[in-house]
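Data first, discussion second: the structure below is written as structure tokens.
The values are calculated or read from the model by the stated rules, or taken from the named source; none is laboratory data. Predicted model, so just to flag it, every value in this text is computed and none were measured. In this analysis, Cβ positions are derived from the backbone assuming ideal geometry, glycine residues included, and neighbour counts consider all displayed protein chains.
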């Protein structure tokens with residue numbers, strides 16, 4: 001039976017399998033700025049969007065001038081390693097393998113940690129996946 005365009009779209013937007021997810025290549029957003037600190041911490045600065053209703057309220061009360069708001073995120077040693085490997089070339093699996101080698105983690109522990117970190121960066125708009 002032929003599929004309607006809506007059915008095809010629904011199939012392509014279904015969640016990726018574990019194997020597919022580990023094959024994705026994380027890519028940094030061009031809007032993120034990296035600020036290495038003397039103590040080894042990496043501070044990321046990234047723009048954030050404001051909900052339209054909140055922006056109107058904030059402008060009304062003089063709390064926002066309409067410029068993009070910037071948030072910051074500090075990465076420790078492990079976050080810094082993951083960040084250094086997010087270059088559009090390494091897959092999620094390759095980043096996990098680097099964690100296993102570098103920190104002697106069990107595969108499951110490394111996979112859970114790296115995937116949670118990548119999801120959080122994606123949620124914040126700091127990275128994308130291709």
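Here are some notes:
- Scan of the range 116-130 for residues that are surrounded by fewer than 17 Cβ atoms within 10 Å (Cβ to Cβ) and in a helix (DSSP H, G or I), ordered by number: 116, 119, 120, 122, 123
- When the test is whether a residue is more than 13 Å from the chain's Cα centre (by Cα) and loosely packed, with under 13 Cβ neighbours inside 10 Å, residue 111 does not pass it.
- Test for residue 116: is it closer than 29 Å to residue 19 by Cα and under 13 Å from the mean Cα position of the chain (by Cα): yes
- The residue list 40, 80 contains one member that is within 21 Å of residue 125 (Cα to Cα) and outside any strand (DSSP E or B), which is 80.
- Taking first residues from the range 96-109 that are closer than 20 Å to residue 26 by Cα and partners that are at pLDDT 95 or above and not in a helix (DSSP H, G or I), the Cβ contacts under 7 Å between residues at least 6 apart in sequence or on separate chains come to 99/105.
- Test: residue in the range 34-54 that is surrounded by 14 or more Cβ atoms within 10 Å (Cβ to Cβ), at pLDDT 90 or above and closer than 22 Å to residue 107 by Cα: no
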